[in-house]
Amino acid sequence: MLVDGKWVGDWQPVQKADAQGRFVRQLSSFRNWITPDGRPGPTGDGGFKAEAGRYRLYVALICPWASRTLIGRALKGLEGLIPVTVVNPVLTDEGWAFGGYPGADQDPLFGAAHLHEIYTRADPHFTGRATVPVLWDMAQGVMVSNESADILRMFDTAFEALAPSDLRLYPADLAERIDALNARIYDGLNNGVYKAGFAGTQAAYDEAEAGVFTMLDELEARLDGSYLFGARLTETDIRTFVTLIRFDAAYHGIFKLNRRRIADYPSLSVYMKRILRLPGVAQTVNLDHIKAGYYSIKALNPLGIVPAGPEHVTRLIGSV
């Protein structure tokens, strides 16, 4: 991680743990917002007006948090407005790196070797982990945000004048219900899989594992329509999908979540396929990057052996 702008030690998967061995996720540090006119958003400073070609999105295709933003970018028709740089999926001793893997890009702005160099450009004294996604302002040379939830909401509304869309991922009439369900899905499923995978004690694992499958069971029972809020696709569906699509290929094995697969949930399987087939979504899913990334975590898989399957996920993605 970075300490006062200097890289210190090898990359480790566990950012922080509590006294009971529970995994604790690092909070995002950059929380500015792009807005239609550049006025300040809910957090951070103003000065980030929605403009074509001004912002660059750094992502890892392994990462569900980064994939939220890629899906939002696709569904809102922002591909021509916001270019993307994809990092190498294989985690190095200095975290995310550029280039050196099929489908990974070199850094086009600064020729950086590692993502942490982008962070120290944003803040020469930054302390913490260099995470994805990163939304970078190429006009001012500053980081807008590294919080995926915020970026997804920016993409939903900020560029409406440049790329009009009838789709609203965070509609006002559902906002309160979306926020409530997001929080529960985040704790039980999105972050729950990491709490299980990086648990430091058996008790911490047991608690997290139970929470993951409790949430999956609840979502299976809830899906009596096309999406989690009936006929309308919302950001909650995106946040759920990015975990589901990685589950059987990665979390089931590397995070020891092998009680059941998503393939064992009929409604969740149909739901996952439905979202995968939305325009542009399949292009955000790279199974090779997902498996290469998760199985490169030395603390969990020291030999770096990547499994061949699962065939049903390979077929699913290939069918779109």
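Worth pointing out:
- Simple rule: put +1 on each Lys or Arg Cβ and -1 on each Asp or Glu Cβ in the chain, find the dipole, and look at Leu257, Thr157, Ile238; the Cα lying farthest toward the positive end is Leu257.
- Under 5 Å, built H, 5+ apart or other chain: amide partners of Thr85: Leu57, Tyr58, Val59
- Hydrodynamic radius by Kirkwood, which averages 1/r over all alpha carbon pairs of the chain, in angstrom: 20.1 Å
- Distant-in-sequence amide contacts of Val144, defined by a placed amide H-H separation under 5 Å and a gap of 5 or more residues or a different chain, comprise Leu135, Trp136, Asp137.
- Rounded to the nearest 20 debye, the dipole magnitude of region 205-309 is 360 debye, with +1 charges on Lys and Arg beta carbons, -1 on Asp and Glu beta carbons, and the Cα centre as origin.
- Each of Thr69, Gly280, Met138 was scored by the projection of its Cα onto the charge dipole of the chain, and the greatest displacement toward the positive side belongs to Gly280; charges sit on the C-beta of Lys, Arg, Asp and Glu.
- Fully extending the segment from Asp4 to Gln283 would add 96.7 nm, taking 0.36 nm per residue of separation and subtracting the current Cα-Cα distance.
- The amide H of Ala130, built 1.01 Å from its N in the peptide plane, has Leu2 as neighbours under 5 Å, considering only residues 5 or more places off or on other chains.
- Under 29 Å from Lys6, Cα to Cα: lysines that are on another chain or at least 8 residues apart: Lys16, Lys195, Lys298
- For the chain, the Cβ-based charge dipole about the Cα centre amounts to some 380 debye (Lys, Arg positive; Asp, Glu negative; other atoms uncharged).
- For region 91-170, the direction-averaged projected area of the alpha-carbon convex hull comes to 7.0 nm².
- Scalar couplings 3J(HN,Hα) for region 103-115, obtained by applying the Karplus form with A = 6.51, B = -1.76, C = 1.60 to θ = phi - 60°, are x, 9, 9, 6, 6, x, 8, 10, x, 5, 8, 9, 5 Hz; x denotes Gly and Pro.
- Cα-based reach from Lys273 at 22 Å (exclusive), listing lysines while leaving out same-chain residues under 8 positions away: Lys76, Lys291
- If R0 is taken as 22 Å, the Cβ-Cβ distance between Val306 and Phe213 corresponds to a FRET efficiency of 0.30.
- Summed side-chain charge close to Arg121 - residues other than Arg121 whose Cβ falls under 12 Å, Lys, Arg +1, Asp, Glu -1: -4
- Measuring between their Cα centroids, region 101-167 and region 181-254 lie 26 Å from each other.
- D (Stokes-Einstein, µm²/s), Kirkwood Cα radius, region 186-282, 0.890 mPa s at 25 °C: 180 µm²/s
- Backbone HN-Hα couplings from phi across region 206-218 [Karplus 6.51/-1.76/1.60, Hz, Gly and Pro as x]: 4, 5, 5, 4, 4, x, 4, 6, 5, 5, 4, 4, 5
- Local net charge near Thr43, Cβ-Cβ under 10 Å (Lys/Arg +1, Asp/Glu -1): -2
- In order along region 262-279, phi translates into HN-Hα couplings of 5, 4, 8, 10, x, 5, 5, 5, 5, 4, 4, 5, 4, 5, 4, 8, 5, x Hz, rounded to whole numbers, per the Karplus curve 6.51 cos²θ - 1.76 cosθ + 1.60 with θ = phi - 60° and x for Gly and Pro.
- Of the peptides 70-81, 179-190, the order by per-residue mean of other Cβ atoms within 10 Å, starting with the highest, comes out as 70-81, 179-190.
- Cα-derived Rg to Rh of region 34-121, Kirkwood definition: 0.99
Readers should treat all values here as calculations from the given coordinates under stated rules, not as data from a laboratory. Here the structure is a predicted model, which means the values were calculated and not measured. For neighbour counting, all protein chains shown are included, and Cβ atoms are generated from backbone atoms with ideal geometry for every residue, glycine included.
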